[in-house]
Amino acid sequence: MRILITGGAGFIGSAVIRYLINHTQSEVINVDKLTYAGNLDSLTTVARSPRYHFEQLDICDRGALGALFRDSKPAAVIHLAAESHVDRSIDGPDDFVQTNVVGTYQLLEAARSHWTTHDCFDSFRFLHVSTDEVYGDLGDSTDLFTETTSYAPSSPYAATKAGSDHLVRSWGRTYGLPTLVTNCSNNYGPCQFPEKLIPHMILTALAGGSLPVYGDGKQIRDWLYVEDHANALWTVMQKGRPGSTYNIGGHNERRNIDVVTAVCAALDREAPEHSPPGGYAQLISFVQDRPGHDVRYAIDAGKIERELGWRPRETFESGLKKTVKWYLENADWWRPLVEGSYQLERRGRSANPS
């Protein structure tokens, strides 16, 4: 199977590509604009594979997309390209509207043209990867997000992802395009850009900096190890019913403050030589909360388990141990990021936890 993956140089996209090259016989075409969070170094272990190809282009460029579909004739699309950082969406929503909404529209139209004019009508799939943030805030309830939960996005990021979800489903309903949608919980793991909560805390702690936590740190998220997510997406691609939505979660609800404390404890064990007196937790500080900050997200991943047989393999503890070890052993990957266009000291208020 030849699969076109958008956003393949990003955190989740690169994990999906590594999974496909290492665990399947699929051929992968990586389409990425290479914005600030795109990093081809995340793909060095598979870049020499004859089944891997990279194309640098913007998914908003309909002409370039059309040419790529005509030349490569993919059997499937996994759409991961997106602006994804909530703080950035609050500061400047324009890029989020363009990439997440307009870009998804252009990709859908290019895929529809390919699907209707090439010999792949029955087998083609368009898998759109979204987020649990489209569902909004569960607050203090004990409810879980299901595939039928009403959308109530709180941030420009979540609103633009909700818009892209609606576009994908409407292209399936109106034109018959065989679409699939997944909504996942918070991802973490190797190769995640340092602005996100867990890598931000790991790298800032190693540098001896303050570990800023929004508000009281009691916001709750469900954490999903990125390699489990990659396996889930491949499962949906192979077994999912066109027109269906599948929630993907890690069964690991944690308060943000508990996540940061767990990172500190892991670093105390794995990197005691950099620890301040009293341990890394002494570096935690609390800062003003983010506007519109949702209290709780929690995924009910029962449907994907019942229908497709997928469950996450990693617990939060085992996944975090692997993640901390990876950052300790791969300074060559992250050091250029924190010393270059992204500076930890510039992110003074906090890292985005979702």
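Go over the candidates ILE3, ILE29, ILE21, ILE59 one by one and state the one that is on the phi < 0 side of the Ramachandran plot, of a type in the set (Val, Ile, Thr) and in contact (Cβ under 8 Å) with a residue 60 or more places away in the chain.
Of ILE3, ILE29, ILE21, ILE59, the one residue that is on the phi < 0 side of the Ramachandran plot, of a type in the set (Val, Ile, Thr) and in contact (Cβ under 8 Å) with a residue 60 or more places away in the chain is ILE3.
Selection of region 299-319 for residues being aromatic (Phe, Trp, Tyr) and either part of a helix (DSSP H, G or I) or touching a Cys at 6+ places or on another chain (Cβ under 8 Å) (or both) yields only PHE316.
Within region 187-215, residues that are charged (D, E, K, R) sit with their Cβ atoms under 7 Å from residues that are surrounded by fewer than 22 Cβ atoms within 10 Å (Cβ to Cβ), at 6+ positions apart or across chains, in these pairs: GLU195/HIS85; GLU195/TYR342; GLU195/ARG347. If you go through region 137-151 and keep only what is more than 21 Å from LYS218 (Cα to Cα) and either among the charged types (D, E, K, R) or open to solvent by 50 Å² or more (accessible area, probe 1.4 Å) (or both), you end up with GLU147, THR148, SER150, TYR151. Within the option set THR160, THR131, THR149, being without any contact (Cβ under 8 Å) to a residue 40 or more places away in the chain and either touching a Gly at 6+ places or on another chain (Cβ under 8 Å) or not small (Gly, Ala, Ser) (or both) holds for one residue only, THR149. Could you tell me whether ASN231 is assigned to a strand (DSSP E or B), modelled with pLDDT of 95 or more and closer than 30 Å to ALA75 by Cα? Spelling it out, it is not the case that ASN231 is assigned to a strand (DSSP E or B), modelled with pLDDT of 95 or more and closer than 30 Å to ALA75 by Cα. Checking the stated criteria, VAL46 turns out not to satisfy the condition of being out of contact with any Pro (no Cβ under 9 Å at 6 or more places or on another chain), in contact (Cβ under 8 Å) with a residue 40 or more places away in the chain and either aliphatic (A, V, I, L, M) or on the phi > 0 side of the Ramachandran plot (or both). Hey, does region 244-265 have a residue that's at positive phi, open to solvent by less than 20 Å² (accessible area, probe 1.4 Å) and in contact (Cβ under 8 Å) with a residue 60 or more places away in the chain? Within region 244-265, none of the residues are at positive phi, open to solvent by less than 20 Å² (accessible area, probe 1.4 Å) and in contact (Cβ under 8 Å) with a residue 60 or more places away in the chain.
Name the residues in region 317-331 that are exposed (fewer than 13 other Cβ atoms within 10 Å of the Cβ) and closer than 13 Å to PRO199 by Cβ, would you?
Across region 317-331, the qualifying residue is only ALA331.
Within region 177-221, being among the aromatic types (Phe, Trp, Tyr) and outside any strand (DSSP E or B) holds for one residue alone: PHE193. Checked across region 138-145, the condition of being among the hydroxyl-bearing types (Ser, Thr, Tyr) and out of contact with any helix residue (DSSP H, G or I) (no Cβ under 9 Å at 6 or more places or on another chain) holds for at least one residue.
For region 152-170, filtering for residues that are open to solvent by 30 Å² or more (accessible area, probe 1.4 Å) and either part of a helix (DSSP H, G or I) or more than 11 Å from ASP132 (Cα to Cα) (or both) leaves 7. What number of residues within region 273-310 are open to solvent by 50 Å² or more (accessible area, probe 1.4 Å) and touching a residue at least 60 places away in the same chain (Cβ under 8 Å)? Looking only at that region, the number is 10.
Looking only at region 113-136, how many residues end up being loosely packed, with under 15 Cβ neighbours inside 10 Å and not hydrophobic (A, V, I, L, M, F, W, C)?
Qualifying residue count for the region: 6.
Condition check: out of contact with any helix residue (DSSP H, G or I) (no Cβ under 6 Å at 6 or more places or on another chain) and buried (at least 17 other Cβ atoms within 10 Å of the Cβ). Does ILE90 satisfy that? The answer is no for ILE90. Among residues of region 311-329 that are without any contact (Cβ under 8 Å) to a residue 40 or more places away in the chain, none has a beta-carbon under 6 Å from a residue that is open to solvent by 60 Å² or more (accessible area, probe 1.4 Å) and small (Gly, Ala, Ser) at least six positions away or on a different chain.
The values are calculated or read from the model by the stated rules, or taken from the named source; none is laboratory data. Just so you know, these numbers come straight off a predicted model, no measurement behind them. Cβ atoms come from the backbone with ideal geometry, glycine included; neighbour counts cover every protein chain shown. Quick note on the areas: whole protein, heavy atoms, side chains included, nothing else; ligands and nucleic acids left out. Shrake-Rupley method; radii C 1.70, N 1.55, O 1.52, S 1.80 Å.
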